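Contents: one structure, followed by commentary.
The values are calculated or read from the model by the stated rules, or taken from the named source; none is laboratory data. Small disclaimer: the values here were computed from a predicted structure and weren't measured. Backbone-built Cβ (ideal geometry, glycine too); neighbour counts: all protein chains shown. Only protein heavy atoms, including side chains, enter the accessible area calculation; ligands, DNA and RNA are left aside. Shrake-Rupley method; radii C 1.70, N 1.55, O 1.52, S 1.80 Å.
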Amino acid sequence: MAALFRGCRNFYKRSNKHVELSFVSCRSMASKTPVGFIGLGNMGTPMARNLLKHGYPVIATDVFPESCKELQDSGAQILDSPAEVADKADRIITMLPSSPNVIEVYKGPNGILKKVKKGTLLIDSSTIDPEVSKEMAVAAEKMGAVFMDAPVSGGVGAASLAKLTFMVGGVEEEYNAAQELLTCMGAKVVYCGQVGSGQAAKICNNMLLAIGMIGTAETMNLGIRLGLDPKLLAKILNMSSGRCWSSDTYNPVPGVMEGVPSANNYQGGFGTTLMAKDLGFAQNAATSTRTPVPLGSLAHQIYRAMCAGGYSNKDFSSVFQFLREEGVQ
């Protein structure tokens, strides 16, 4: 399929007269072919479902078979391994929890690269170490495939509504081919540069997100202990200079907002373990570039303490509950 898009681009160079019609035709032809999707967790399932809504046949798999049922009920074909998906699809998206998972899915005994076809476009939307993305790109290139990193921002809600932001790193000539799929799952797609640059942007974003969530949780907790109604305090923050995404879209205090993890005992959303992982990547990057990140380092310590204190499986906004309990002791 990547070869098909390259053909579209070559035609563009040869003939400006019919370029618009031909490019639309190429897209139409491409959209009729299946898209592979590997990793059907809280984020992957709604992302794959949005591909189905846009008319793309989806061939999917997950290490946990029970995770596949919802997407299968929506019309996806479910296979047993990443290698089988690679044998059936020449555009594949992966959405996995960590670097080791990505390495296993791509390079493992039943991995994508065992049966990947030449010209296949591989898009990894996991948040992982940028160096692992570069490693996967080299391995894919040896097999004649193209690997791009495209981590996301926005959380489960944005994934469900196809309003994610994708930060894309990879060969620029393949960006349009990736963008066609990513715009079905997100509202914003940004090209960041070479492979690994999407991951770099994502870990910087998540470091700020963690710091902002802790700040919002501290502020709300203090206000409540000063006797303020939490909904009133949130309203004031959101019309004042303290406003941020954690206060106006993803408030960490139960009862302040509906449809967020804090309204559901911090279930769903973006797990504390994953936030601690991403902050670890930020720390590694800060060390290698000799960049001072004092608040990022403290945020990493707090989320690691949460993981050790029973919050691993809760949404990262449960830092409010963690701080509230810490203050009582």
Give the carbon-plus-sulfur fraction of the accessible surface of the chain in %, rounded to a whole number; probe 1.4 Å, heavy atoms of protein chains only. 55 percent
Run down the lysines and flag those whose C-alpha is under 25 Å from the C-alpha of LYS277, throwing out any fewer than 8 positions away in its chain. LYS107, LYS134, LYS163, LYS188, LYS202, LYS314
For a quick check: with amide H placed at 1.01 Å from N, whose amide H comes under 5 Å from VAL189's, ignoring anything fewer than 5 positions away on the same chain? PHE166
Work out how much length GLU70 to THR287 would gain on full extension: take 0.36 nm times their residue separation and subtract the Cα-Cα distance, in nm to one decimal. 74.0 nm
Per residue of the chain, what 222 nm ellipticity follows from adding -39500 (n - 2.57) for every DSSP H run with n ≥ 4, rounded to the nearest 500? -15500 deg cm²/dmol
For the range 52-61, take each phi angle, set θ = phi - 60°, evaluate the Karplus expression 6.51 cos²θ - 1.76 cosθ + 1.60, and give the result in whole Hz per residue in order, putting x for glycine and proline. 4, 4, 8, x, 8, x, 10, 10, 9, 7
accessible surface per residue for the range 119-227, probe 1.4 Å, DNA/RNA/ligands not counted, whole Å² -> 36 Å²
When the dipole is taken about the Cα centre of the chain, and only Lys, Arg (+1) and Asp, Glu (-1) are charged at their Cβ, what size is it in debye, to the nearest 20? 840 debye
Residues with amide H under 5 Å of PHE37's amide H, sequence separation 5 or more or different chain, H placed in the peptide plane at 1.01 Å from N; which? ILE59, ALA60, THR61, ILE93
Of ALA145, PRO82, THR127, farthest towards positive along the dipole that unit charges on Lys, Arg, Asp, Glu beta carbons give the chain: ALA145
Relative to the longest principal Cα axis of the chain, at what angle does helix 197-225 sit, 0 to 90 degrees, rounded to 10? 20 degrees
Spread of Cα-to-Cα distances over 5 Å intervals beginning at zero, given as percent, for the range 118-257: 2, 10, 17, 16, 14, 11, 9, 8, 6, 4, 2, 1, 0
State, as an integer percentage, the relative contact order of the chain based on alpha-carbon contacts under 8 Å between residues 6 or more apart. 12 percent
Considering only DSSP beta bridges with both partners in the chain, what is the antiparallel share in %, to the nearest 5? 15 percent
For TRP245 and ARG225 in one chain, what is 0.36 nm times their gap in residues minus the Cα-Cα distance, to one decimal in nm? 4.9 nm
Can you give me the Kirkwood hydrodynamic radius for the chain, using every pair of distinct Cα atoms, in Å to one decimal? 20.8 Å
So, R0 is 35 Å and r is the distance between the beta-carbons of LEU232 and ALA187; what FRET efficiency does that work out to, to 0.05? 0.65
In degrees between 0 and 90, to the nearest 10, how far off the longest principal axis of the chain does helix 19-31 point, with axes built from Cα atoms? 70 degrees
Suppose all protein chains stay in the model; what accessible area per residue would a 1.4 Å probe give for the range 266-329, in Å²? 50 Å²
Per residue of the range 258-268, what does 6.51 cos²θ - 1.76 cosθ + 1.60 with θ = phi - 60° give for ³J(HN,Hα)? Whole Hz please, x for Gly and Pro, Karplus curve as stated. 9, x, 10, x, 5, 8, 10, 6, 6, 8, x
If you stretched the chain out fully between LEU295 and ASN265, how much longer would it get, using 0.36 nm times the residue separation minus the C-alpha to C-alpha distance? 8.1 nm
Could you state the angle between the C-alpha long axis of helix 130-142 and the longest principal axis of the C-alpha atoms of the chain, as a value from 0 to 90 degrees rounded to the nearest 10? 10 degrees
Identify the chymotrypsin sites (Phe, Trp or Tyr not before Pro) of the range 250-297 meeting these criteria: DSSP loop state and at most 16 other C-beta atoms within 10 Å of the C-beta. none
Say the dipole of the range 266-326 comes from +1 at the beta carbon of Lys and Arg and -1 at that of Asp and Glu; which of GLY269, ALA299, ALA286 then lies farthest toward its positive end? ALA286
By the Cα gyration tensor axes a ≥ b ≥ c (a/c under 1.5 gives rounded; else a/b larger than b/c gives prolate, otherwise oblate), the shape of the range 171-224 is oblate
Pick out which of SER288, SER126, SER81 has the largest mean-square fluctuation in a Gaussian network model of the chain, springs linking Cα atoms closer than 10 Å. SER288
